[in-house]
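In what follows, a structure is listed as structure tokens, so that the remarks can point back to it.
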Amino acid sequence: MIKIGVLGLQGAVREHVRSIESCGAEAIVIKKIEQLEEADGLIIPGGESTTMRRLIDKYDFMPKLKEFADSGKPMFGTCAGLILLAKQIVGYEEPHIGALNVKVERNSFGRQKESFEADLDIADVAEDFTAVFIRAPHIVEADENVEVLAKHEGRIVAAREGQFLGSSFHPELTDDHRLTQYFINMVKEAKKPLAKQ
């Protein structure tokens with residue numbers, strides 16, 4: 001059984017767990033560093049990126065998150081999670097985990113009250129996917145190796161590079177689990193070479 005970790009420090013953790021379980025995989029809420037070893041893939045949920053970073057530092061998660069990124073295991077950052085995964089953040093000198101070769105801008109779709117839903121076509125995933133944007137970032141620039149999966153009004157809102165997946169929106173807040181399933185499939189693919197060794 002594939003085990004998908006959800007970083008459980010802050011944000012929409014329960015909703016991600018529900019989405020993972022709806023796809024038939026096992027979800028682990030990760031609150032301790034050592035739990036990362038149990039996970040085949042990791043979702044970093046939306047929430048508040050500054051608060052999340054404070055908690056990551058408080059519990060000394062950052063070295064292990066970077067190690068997880070280097071291990072070849074897939075990681076999926078949604079909303080604030082995308083900011084944590086990105087190699088560059090507009091207005092900041094240093095990235096957080098810095099694994100996904102993109103530059104992101106925080107709160108680029110406005111504040112909380114300007115939250116909205118939009119129907120997106122996500123390459124390889126879904127046509128007509130209802131995406132929920134809450135204080136969402138967007139990808140300003142993507143490296144040539146990054147596959148752009150979706151745009152909204154010309155802005156990149158979903159992208160993949162190898163084992164890293166990022167979205168500006170919250171796929172866990174609807175009953176459409178196709179993007180979660182896509183990530184689970186990435187995790188299954190990543191496990192195959194390990195099984196052959």
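The values are calculated or read from the model by the stated rules, or taken from the named source; none is laboratory data. Since we're looking at a predicted model, the values are computed, not measured. Glycine gets a Cβ as well: all are built from the backbone with ideal geometry, and neighbour counts include every protein chain shown. Just so you know, the surface numbers come from the protein's heavy atoms only, side chains and all, with ligands and any DNA or RNA stripped out. Shrake-Rupley method; radii C 1.70, N 1.55, O 1.52, S 1.80 Å.
Observations on the model:
- Centroid-to-centroid, using Cα positions, segment 108-182 and segment 32-87 are 18 Å apart.
- For the chain, accessible area per residue (1.4 Å probe, heavy atoms of protein chains only), Å²: 47
- Debye-formula intensities of segment 62-147, expressed as log10 I(q)/I(0) at q = 0.15 Å⁻¹, are -0.63 (one equal scatterer per alpha-carbon, no solvent).
- Rounded to 0.05, the FRET efficiency of the residue 33 and residue 191 pair, given R0 = 25 Å and the Cβ-Cβ distance, is 0.70.
- A helix-only calculation puts the chain at -8500 deg cm²/dmol for mean residue ellipticity at 222 nm, using -39500 (n - 2.57) for each DSSP H run of at least four residues, averaged over all residues.
- Net charge of Cβ neighbours under 13 Å - reference residue 177; Lys, Arg +1; Asp, Glu -1: -3
- Column: log10 I(q)/I(0), Debye, Cα scatterers of the chain, q = 0.12 Å⁻¹: -0.51
- Accessible carbon and sulfur surface of the chain relative to its total accessible area, %, 1.4 Å: 44
- Entries in 3/73; 73/188; 3/192; 31/191; 32/66 that, when Cα-Cα distance is taken, lie over 19 Å: 31/191
- Each other residue within a Cβ distance under 15 Å of residue 102 adds +1 if Lys or Arg and -1 if Asp or Glu, for a net charge of 0.
- Sorting the Cα pairs of segment 17-87 by distance into bins of 10 Å, from 0 upward, gives 19, 56, 25, 1 percent per bin.
- Here is the tail figure for segment 119-169: Cα pairs spaced more than 11 Å apart come to 68 percent of all pairs.
- Gyration tensor (alpha-carbon) shape descriptor, segment 60-107, a/c threshold 1.5: prolate
- Gyration tensor verdict on segment 1-54 (Cα atoms; rounded if a/c is under 1.5, prolate if a/b is larger than b/c, oblate otherwise): oblate
- Computed with the Debye formula from one identical point scatterer per Cα of segment 142-197, without solvent, the log10 of I(q)/I(0) at q = 0.14 Å⁻¹ comes to -0.46.
- Length added when fully stretched, residue 115-residue 144, from 0.36 nm per residue minus Cα-Cα: 7.4 nm
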